[in-house]
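J.: Structure provided below as structure tokens; questions to follow.
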Amino acid sequence: MNFYLAAVMLGLGFIALGFGIFISMRIFNIPDITTDGSYTLGGVVTAVILIKFHSVPMAMAASVLAGIVAGSLTGFIHTKLRVNALLAGILVMTALYSVNLSLMGRSNIPLINVPVIYDWFAFITDAVMRQLTILILITLTLLLLLSWILKTDFGIAIRATGNSETMVRAMGVDTSKMKIIGLGISNGLVAMSGSLISQYQGFADINMGIGIIILGLGSVMIGETVTTVLKVESIFGRLVGVIVGTIIFRLILAFVLSLGIDPNYLKLITAAIVLTVVCIPTLRKARN
């Protein structure tokens, strides 16, 4: 049971990642590969600041800001320099590998005997319950904040840019600015997830972000499947779907590992699960 509880807590740590992928893939229809680099960037910045300054708020804020800068750079290259969005993300992700390695000075930083966010709420004596409480509070805060932002005039402009860029531009909205800001927010959330996971696992690693976009995409797709079945169309409901999808995805992976499958095949299994979820709508149409 503790094994599956750990999977749920990992899922909660990855929810910020799911929200970030939701913004880039579902609102802007941009396959943003920057994610792999910004996720690692969040963990690296957090680890470096915790080691040097022992300040959790500073580490969290700096990691989110670093992710925003990385995402905004991708948006700038795509919109202002007219580079294909996929290529822009790959370029920034590649550059971030060197940036992350330079910040770390080595390939791995252990977070031993340094304060982390999961040390808060010390009045909860059980460590697992304390971690779970903190992750749930962060998840609810992000859910309410994002739901509110995406319902404001600014949020509606962002969503409209993804739905019909030509129409929105004709209404006088600077769509390039919307994309830059949107990708900044997306990667800021992804970096936050990297920060939370690195603190949860107790280390930051240069390779921790490899293929992370697949995990986020799988979470979003599973969440969309759930909301489609339940016929939920509100932005709040879709964000809740991302939360549900992320946790379900982690539980599926935990179940697969509990069967005794070699962990070396975890990435392969993850890809297979995502492929299956992506193909479900196509198979449904073929049957009809």
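The values are calculated or read from the model by the stated rules, or taken from the named source; none is laboratory data. A quick note: this is a predicted structure, and the numbers were derived from the prediction, not measured. Heads up, the Cβs are rebuilt from the backbone with ideal geometry, glycines too, and the neighbour counts pull from every protein chain shown.
J.: Can you find even one residue in the stretch 19-26 that is modelled with pLDDT under 95, surrounded by fewer than 21 Cβ atoms within 10 Å (Cβ to Cβ) and in contact with a helix residue (DSSP H, G or I) (Cβ under 9 Å, 6 or more places away or on another chain)?
T.: Checking the stretch 19-26: at least one residue is modelled with pLDDT under 95, surrounded by fewer than 21 Cβ atoms within 10 Å (Cβ to Cβ) and in contact with a helix residue (DSSP H, G or I) (Cβ under 9 Å, 6 or more places away or on another chain).
J.: Being in contact (Cβ under 8 Å) with a residue 24 or more places away in the chain and closer than 26 Å to Leu65 by Cα is the requirement here; does Gly182 meet it?
T.: When the stated conditions are applied, Gly182 passes them.
J.: I need the full set of residues from the stretch 133-166 which are farther than 16 Å from Lys177 by Cβ and either in contact with a strand residue (DSSP E or B) (Cβ under 7 Å, 6 or more places away or on another chain) or buried (at least 17 other Cβ atoms within 10 Å of the Cβ) (or both), in order please.
T.: Ile134, Leu135, Ile138, Thr139, Leu142, Leu143, Leu146, Ser147, Leu150
J.: Among Lys267, Lys231, which is the only one that is at pLDDT below 90, over 25 Å from Leu140 (Cα atoms) and not aromatic (Phe, Trp, Tyr)?
T.: Going through Lys267, Lys231 in turn, just one is at pLDDT below 90, over 25 Å from Leu140 (Cα atoms) and not aromatic (Phe, Trp, Tyr): Lys267.
J.: How many residues does the stretch 137-148 hold that are touching a residue at least 12 places away in the same chain (Cβ under 8 Å) and either over 16 Å from Ile197 (Cβ atoms) or touching a Gly at 6+ places or on another chain (Cβ under 7 Å) (or both)?
T.: 3
J.: Given the structure, is Val256 part of a helix (DSSP H, G or I), over 20 Å from Arg26 (Cβ atoms) and not hydroxyl-bearing (Ser, Thr, Tyr)?
T.: Here the answer is yes, as Val256 does meet what is asked.
Listed here are the residues, each with its yes/no results for (1) in contact (Cβ under 8 Å) with a residue 40 or more places away in the chain; (2) more than 19 Å from Gly75 (Cα to Cα); (3) surrounded by 24 or more Cβ atoms within 10 Å (Cβ to Cβ); (4) acidic (Asp, Glu).
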| site | (1), (2), (3), (4) |
| --- | --- |
| Ser186 | yes, no, yes, no |
| Leu196 | yes, yes, yes, no |
| Gln199 | yes, yes, yes, no |
| Asp205 | yes, yes, no, yes |
| Gly218 | yes, yes, yes, no |
| Glu233 | no, yes, no, yes |
| Phe236 | yes, yes, no, no |
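J.: Here are the criteria: (1) within 24 Å of Phe22 (Cβ to Cβ); (2) part of a loop (DSSP other than H, G, I, E, B); (3) without any contact (Cβ under 8 Å) to a residue 60 or more places away in the chain. Tell me which single one Lys151 does not satisfy.
T.: (3)
J.: OK, next. Name the residue, out of Leu10, Leu41, Leu103, that is outside any loop (DSSP other than H, G, I, E, B), out of contact with any Asp or Glu (no Cβ under 7 Å at 6 or more places or on another chain), more than 23 Å from Thr141 (Cα to Cα) and not β-branched (Val, Ile, Thr).
T.: Every option except Leu103 fails the conditions.
J.: Also: Restricting to the stretch 32-76, and then to whatever is without any contact (Cβ under 8 Å) to a residue 60 or more places away in the chain and farther than 22 Å from Ile134 by Cβ, can you tell me which residue is surrounded by the fewest Cβ atoms within 10 Å (Cβ to Cβ)?
T.: Result: Lys52.
For (1) part of a helix (DSSP H, G or I); (2) hydrophobic (A, V, I, L, M, F, W, C), each residue gets a yes or a no:
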position: Ala160; (1), (2): yes, yes
position: Val173; (1), (2): no, yes
position: Ala204; (1), (2): no, yes
position: Asn207; (1), (2): no, no
position: Ile210; (1), (2): no, yes
position: Val226; (1), (2): yes, yes
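J.: I would also like to ask the following. Is it the case that Lys267 is charged (D, E, K, R) and either touching a Ser or Thr at 6+ places or on another chain (Cβ under 8 Å) or outside any helix (DSSP H, G or I) (or both)?
T.: So Lys267 fails the test.
J.: I would also like to ask the following. Please verify whether Gly89 is within 14 Å of Asn187 (Cβ to Cβ) and either within 17 Å of the chain's Cα centre (by Cα) or in a helix (DSSP H, G or I) (or both), treating the condition exactly as stated.
T.: Answer is yes for this residue.
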